[in-house]
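*Asks:* Would you mind keeping the following structure in view while I ask a few things?
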Protein chains: 2
Amino acid sequence: MSSSSTESKKVPVGVSARHIHLTQEHVELLFGAGESLTEFKPLSQPGQFAANETVAVYGPKGSFPKVRILGPVRKATQLEVSRTDAFSLGLQPPLRESGSIDDTPGIRIVGPAGEVNVDKGVIVAARHIHFHTSDAVRWGITDKQLLRVRVGGERGVVFEQVLARVSDQFALDMHIDTDEGNASGANTGDFGEIIE
Amino acid sequence: MSSSSTESKKVPVGVSARHIHLTQEHVELLFGAGESLTEFKPLSQPGQFAANETVAVYGPKGSFPKVRILGPVRKATQLEVSRTDAFSLGLQPPLRESGSIDDTPGIRIVGPAGEVNVDKGVIVAARHIHFHTSDAVRWGITDKQLLRVRVGGERGVVFEQVLARVSDQFALDMHIDTDEGNASGANTGDFGEIIE
């Protein structure tokens, strides 16, 4: 009886503040040999968490003294900032999907036990939606598809080129950054709607 | 021969950084008796200019040391900030059309000769397009109409609820703030397109 074309495709929105992912090697250089990240609170994606630990980051122009680390550790260190943040740091990072860090600016990262200079890894994260495979099948959405999503109220926008990422490891959630949240008036916990 | 429905409705985009409008009384309190604003450079709207003069503004949480004044002087003092700026200041100003400042937060303003505490006047400016009357007639747009405008490239968005303002004193220009510019990847000098 049901038709995927008539069901409203509502997606919870999460507004991501600047944050960093670290390798285990960098965790130990910044926090001490043998140290590991500890969980502050879980994130929407299964197994992901905000860590208790934070670091400072220094760009050529400005710095942020307390950037939250998201765990678990990854294969590459990656700092995700808004375009507003990038201006403050004095960097011009490209818009990228998470994990795609070739030809991106580096950054100096300082922790309580040491510091690391990475020669790449700073990106502005491309907005995207995590779909569990079952959501994607129900709505006829395929991995890597670009979607249009209406978000916000009196300041509503339609975000175009929203990247679909599909996995049975994902929970349904749309991730935008603070610039996108502020420009659309959207807050974490609001809902966006995928439109034609 | 021509049809308004087939002509592409391209509009130049201007990204407005935080700025302030002052009354003559406040100019004199901040810069000295008998002082007036001096022009640094003209703006897109006829007769409007960025002044050489700047002020500092102090909110309950943070401050900005150098906020550009836009002239000429107005009947009411008004500080226009992005939502990002508002968080830094510790204020929650509403989204408003310029000039609509009832029930908005106040701010402390400091100049070289004195300071002023206004009890209202801080807004997040609602995005809008200035149309010369001739542009509006040609495109069939009326004053106060709400429009949809596509802006930006790899990070393109459609801004909804874009307020049309029509006057024979205006030059065609779309004004968005820095959050909206950063979220859409648009810069001053880019073009938006009014869509159906």
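*Asks:* Summing Lys, Arg as +1 and Asp, Glu as -1, what charge do residues with Cβ under 14 Å from the Cβ of A:GLN24 carry, A:GLN24 excluded?
*Replies:* Numbers: positive: A:ARG74, A:LYS75; negative: A:GLU25, A:GLU28, A:GLU35, A:GLU53.
Charge balance near A:GLN24 sits at -2.
*Asks:* If you bin the C-alpha pair distances of region A:87-142 every 5 Å from 0, what whole percents do you get?
*Replies:* In order of increasing distance, the bins hold 4, 16, 17, 15, 13, 11, 8, 8, 5, 1 percent.
*Asks:* Kindly flag which residue pairs out of A:LYS66/B:LYS61; A:LYS41/B:LYS61; B:LYS75/B:LYS120; A:LYS9/B:LYS10; B:LYS41/B:LYS120 have an alpha-carbon separation exceeding 23 Å in this structure. Walk me through the numbers on the way to the answer.
*Replies:* Values: A:LYS66/B:LYS61 17 Å; A:LYS41/B:LYS61 26 Å; B:LYS75/B:LYS120 13 Å; A:LYS9/B:LYS10 31 Å; B:LYS41/B:LYS120 28 Å.
Listed pairs above 23 Å: A:LYS41/B:LYS61; A:LYS9/B:LYS10; B:LYS41/B:LYS120.
*Asks:* Taking the Cα centre of chain A as the origin and placing charges on Cβ (Lys, Arg +1; Asp, Glu -1), which of A:THR178, A:ILE20, A:ALA164 is farthest toward the positive end of the dipole?
*Replies:* It is A:THR178, whose Cα lies furthest towards the positive end.
*Asks:* Could I ask something else about it? Excluding A:GLY152 itself, calculate the net charge of residues whose Cβ lies under 10 Å from the Cβ of A:GLY152, where each Lys or Arg counts +1 and each Asp or Glu counts -1.
*Replies:* Working: positive: A:ARG150, A:ARG155; negative: A:GLU154, A:GLU180, A:ASP190, B:GLU160.
So the surrounding residues net to -2.
*Asks:* So, one more: For chain B, with a Gaussian network of springs between Cα atoms less than 10 Å apart, report the residue from B:ARG138, B:ARG96, B:ARG150 with the top mean-square fluctuation.
*Replies:* Its mean-square fluctuation being the largest, the pick is B:ARG138.
*Asks:* Assuming 0.36 nm per residue, please report the length gained on full extension of the stretch B:ASP143 to B:PHE87 beyond their Cα-Cα distance.
*Replies:* 17.0 nm
*Asks:* Using Cβ contacts closer than 10 Å as the measure, can you line up B:ASP179, A:ASP102 from fewest to most?
*Replies:* Neighbour counts put them in this order, fewest first: A:ASP102, B:ASP179.
*Asks:* A follow-up question, please. Tally Lys and Arg at +1 and Asp and Glu at -1 over the other residues with C-beta under 15 Å from the C-beta of A:GLY114: what net charge comes out?
*Replies:* Charge balance near A:GLY114 sits at -4.
*Asks:* Have a look at region B:1-124 and give its Rg and Dmax from the Cα atoms, expressed in angstrom.
*Replies:* 16.5, 61
*Asks:* With r as the distance between the Cβ atoms of A:GLU7 and B:GLU7 and R0 = 41 Å, compute the FRET efficiency 1/(1 + (r/R0)^6) and round to 0.05.
*Replies:* Once the sixth-power term is evaluated, E becomes 0.65.
*Asks:* Where the centre of each part is set by its Cα atoms, how far does region B:32-56 sit from region A:52-79, in angstrom?
*Replies:* That distance is 40 Å.
*Asks:* Given points 7 Å out from each Cα along the Cα-Cβ axis, report the A:ASN187 to A:ARG150 separation in nanometres with one decimal.
*Replies:* 2.2
*Asks:* Now a separate question. Please give the calculated 222 nm ellipticity per residue for the protein assembly as shown, where each DSSP H segment of at least 4 residues contributes -39500 (n - 2.57) and the sum is spread over every residue; nearest 500 deg cm²/dmol?
*Replies:* On the way: 8 runs with 58 residues, N = 392.
Only helices count here, giving -4000 deg cm²/dmol.
*Asks:* B:SER134 to B:GLU39: FRET efficiency via 1/(1 + (r/R0)^6), r the Cβ-Cβ distance, R0 22 Å, to the nearest 0.05?
*Replies:* Calculated value: 0.25.
*Asks:* Now for a separate question. So in region B:42-171, what percent of DSSP beta bridges are antiparallel if you round to the nearest 5? The partial results should precede the final answer.
*Replies:* Details: 20 of 29 bridges.
Antiparallel: roughly 70 percent of the beta bridges in region B:42-171.
*Asks:* Now a separate question. Identify the residues of region A:175-196 with backbone N under 16 Å of a label point that sits 7 angstrom from the Cα of B:GLU196 along the Cα-to-Cβ direction, or state none.
*Replies:* So the set is A:196.
*Asks:* Placing one identical point scatterer on every Cα of the protein assembly as shown and ignoring solvent, what is log10 I(q)/I(0) from the Debye formula at q = 0.06, 0.12 Å⁻¹?
*Replies:* -0.28, -1.03
Just so you know, all these numbers are worked out from the coordinates, no wet-lab data involved. The structure presented is a predicted model; accordingly, all values stated were derived computationally and were not measured. Cβ: placed from backbone, ideal geometry, glycine included. Neighbour counts: every protein chain shown.
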